[in-house]
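Below is one structure, written out as structure tokens; comments come after it.
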Amino acid sequence: MTQTAIEIAPNSALLVIDVQKGFDDESFWGPRNNPAAEDNIAALMDAWQAAGRPVVLVRHASVQPGSVLAADHPGHAFKEQVEKRRHGSLVVTKTVNSAFYGSPDLADWLTAQGTGQLVVVGIQTNMCVETTARMAGNLGYDVLVPLDATHTFDLAGPGGLSLTADELATATAVNLQGGGFARVVTTAQLLPA
């Protein structure tokens with residue numbers, strides 16, 4: 001099946017959410033999905049930088065005691081695929097799910113760039129990626145989420161309920177596109193032919 005390419009604005013910003021070493025700790029997070037996520041993120045970063053489009057790296061600095069994402073923990077660092085591509089990128093640090101509640105102020109920076117389109121990728125699909133995409137949609141941005149450039153982990157909820165990482169990713173896709181927050185696409189649809 002052929003996928004239709006998506007038109008990308010000349011100043012479309014790529015938001016790379018929380019691609020940090022702490023997420024490699026499976027004993028802390030549990031089973032993950034989509035092992036190709038980091039490679040797809042790297043391909044998008046390469047394409048955005050080659051086209052001279054802005055790339056924003058978002059890093060979570062957890063304030064929870066013992067977190068593998070705390071600023072003083074080795075897990076706070078970007079994964080190698082992102083670190084070696086970070087040149088020229090804005091870095092936003094946050095302590096909550098949405099990249100719009102970080103420092104420096106993401107919305108102010110995007111406004112100064114005249115950016116109206118965002119591509120949101122990273123970790124975790126159903127947490128910081130979905131929260132940032134929902135907020136961006138509410139703020140009026142044209143939001144694209146290539147689901148195959150995200151990943152998440154199995155998650156338990158109340159009363160014995162639980163969902164696998166793949167089920168959570170599917171729920172995020174339905175929430176974002178079905179709710180009108182974003183268009184869910186693939187990495188291939190965003191890369192040059």
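The values are calculated or read from the model by the stated rules, or taken from the named source; none is laboratory data. Every value quoted in this text rests on a predicted model; they were computed, and no experiment measured them. Cβ: placed from backbone, ideal geometry, glycine included. Neighbour counts: every protein chain shown. The protein model used for the area step is the full one, side chains on, heavy atoms only, and it has no ligands, DNA or RNA in it. Shrake-Rupley method; radii C 1.70, N 1.55, O 1.52, S 1.80 Å.
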By residue number, the members of region 20-37 that are in contact with a helix residue (DSSP H, G or I) (Cβ under 7 Å, 6 or more places away or on another chain) and either surrounded by fewer than 23 Cβ atoms within 10 Å (Cβ to Cβ) or more than 15 Å from LEU147 (Cα to Cα) (or both) are GLN20, LYS21, GLY22, PHE23, ASP25, TRP29, PRO31, ARG32, ASN33, ASN34, ALA36
So, first residue at positive phi and touching a residue at least 12 places away in the same chain (Cβ under 8 Å) in region 28-55, second residue part of a loop (DSSP other than H, G, I, E, B) and of a type outside the set (Lys, Arg), Cβ within less than 9 Å, six or more apart or across chains; the pairs are GLY30/ASP154; ASN34/THR152
Check region 7-19 and report whether any residue there is open to solvent by 70 Å² or more (accessible area, probe 1.4 Å), farther than 16 Å from ALA149 by Cα and without any contact (Cβ under 8 Å) to a residue 60 or more places away in the chain.
yes
The residue that is most open to solvent (accessible area, probe 1.4 Å), considering only those in region 85-107 that are closer than 25 Å to ASN40 by Cβ, among the small types (Gly, Ala, Ser) and modelled with pLDDT of 95 or more, is GLY102
Is region 57-65 home to any residue that is modelled with pLDDT of 95 or more, small (Gly, Ala, Ser) and open to solvent by 30 Å² or more (accessible area, probe 1.4 Å)? no
Every listed condition ((1) more than 21 Å from ASP39 (Cβ to Cβ); (2) open to solvent by less than 10 Å² (accessible area, probe 1.4 Å); (3) not in a helix (DSSP H, G or I)) holds for LEU110 save (3)
When region 38-56 is checked residue by residue, the ones that are open to solvent by 30 Å² or more (accessible area, probe 1.4 Å) and closer than 20 Å to ALA169 by Cα are ASP39, ASN40
Out of (1) surrounded by 15 or more Cβ atoms within 10 Å (Cβ to Cβ); (2) without any contact (Cβ under 8 Å) to a residue 24 or more places away in the chain, the one VAL82 does not meet is (2)
Scanning region 157-175 residue by residue, the ones that are in contact with a helix residue (DSSP H, G or I) (Cβ under 8 Å, 6 or more places away or on another chain), outside any helix (DSSP H, G or I) and in contact (Cβ under 8 Å) with a residue 40 or more places away in the chain total 0
Exercise. What do you reckon, is VAL121 modelled with pLDDT of 95 or more, outside any strand (DSSP E or B) and either open to solvent by 10 Å² or more (accessible area, probe 1.4 Å) or under 17 Å from ALA169 (Cα atoms) (or both)?
Worked result: no
When region 176-193 is checked residue by residue, the ones that are open to solvent by 60 Å² or more (accessible area, probe 1.4 Å), at pLDDT 95 or above and either more than 12 Å from PRO146 (Cα to Cα) or in a helix (DSSP H, G or I) (or both) are GLN177, GLY178, GLY180, ALA188
Of the residues in region 145-190, those that are closer than 16 Å to ASN40 by Cβ, hydroxyl-bearing (Ser, Thr, Tyr) and more than 13 Å from the chain's Cα centre (by Cα) number 1
Result of the Cβ filter at 8 Å on region 104-127, keeping first residues that are on the phi > 0 side of the Ramachandran plot and partners that are surrounded by fewer than 19 Cβ atoms within 10 Å (Cβ to Cβ), at least 6 apart or interchain, is GLY114/ASN11
